[in-house]
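Bear in mind that the values in this text are calculations on the coordinates, not laboratory data. Values in this document were obtained by computation on a predicted structure and should not be read as measured data. Cβ sites come from the backbone with ideal geometry, for glycine too, and all protein chains shown count toward neighbours.
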Amino acid sequence: THEVQDAIAAEEARAKPQIDALSKDIGTIGANTDAVVREFEDLKEAREVLLKKESDLKGDLTQTDFKLTEAKTEFTRVEREPERAKKQADIVQKAFLTAEQE
């Protein structure tokens with residue numbers, strides 16, 4: 001029994017450096033894991049911010065496209081206005097000449 005206790009104490013003394021080293025490694029792994037989790041959370045937040053910006057930019061692009069289309073339509077209308085006015089003047093002139101002839 002005394003021999004058993006001595007054997008146990010000897011085995012504990014022999015295993016203690018290994019246990020201490022493993023304990024230290026586990027602590028390091030835990031700290032590394034915490035750092036990775038924090039980095040992941042930071043990246044996740046950054047991703048959410050970027051997705052929001054992307055969504056906003058897509059909305060802005062859609063609005064800009066709509067305004068550009070409206071501007072092109074208005075430009076085309078204004079560009080053709082003198083042509084319409086000339087046609088109206090020709091119609092009025094013909095109506096006036098026709099009325100004079102009658």
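Bridging of K67 to lysines at a Cα separation below 19 Å is possible for K58, once same-chain residues fewer than 8 apart are set aside.
Per residue, the chain reaches -37500 deg cm²/dmol at 222 nm when only DSSP H runs of four or more residues are counted, each adding -39500 (n - 2.57). Return the sequence-ordered ³J(HN,Hα) values of segment 85-102 in whole Hz as given by the Karplus equation 6.51 cos²θ - 1.76 cosθ + 1.60 applied to θ = phi - 60°, using x for Gly and Pro. Values, residue by residue: 4, 5, 4, 4, 5, 4, 5, 4, 5, 5, 5, 5, 5, 5, 5, 5, 6, 7 Hz. Rounded to the nearest whole Hz, the Karplus-based 3J(HN,Hα) values (6.51 cos²θ - 1.76 cosθ + 1.60, θ = phi - 60°) of segment 53-63 follow the sequence 4, 4, 4, 4, 5, 5, x, 4, 5, 4, 5, with x at glycine and proline. Between the alpha-carbon centers of segment 1-23 and segment 57-87, tell me the distance in whole angstrom. Spelled out, the Cα-based centre of one part sits 88 Å from the other.
Taken about its Cα centre, segment 1-61 carries a charge dipole of roughly 260 debye when the Cβ of each Lys and Arg holds +1 and the Cβ of each Asp and Glu holds -1. Placing unit charges on the Cβ atoms of the charged side chains and taking the dipole of the chain about its Cα centre, the candidate lying farthest along the positive direction among L68, Q93, A46 is Q93. Ordering I19, L57, H2 by the projection of their Cα atoms onto the charge dipole of the chain, which places +1 on the Cβ of Lys and Arg and -1 on the Cβ of Asp and Glu, puts L57 at the extreme positive end. Here the chain is assigned +1 on the Cβ of each Lys and Arg and -1 on the Cβ of each Asp and Glu. Its dipole about the Cα centre then comes out at about 820 debye. Here K24 is the anchor, and the lysines within straight C-alpha reach of less than 27 Å, apart from those fewer than 8 places off in the same chain, are K16.
Among the lysines, which fall within straight-line cross-link reach of K53, defined as a Cα-Cα distance under 16 Å, with same-chain neighbours fewer than 8 residues apart omitted? Straight-distance partners of K53: K44.
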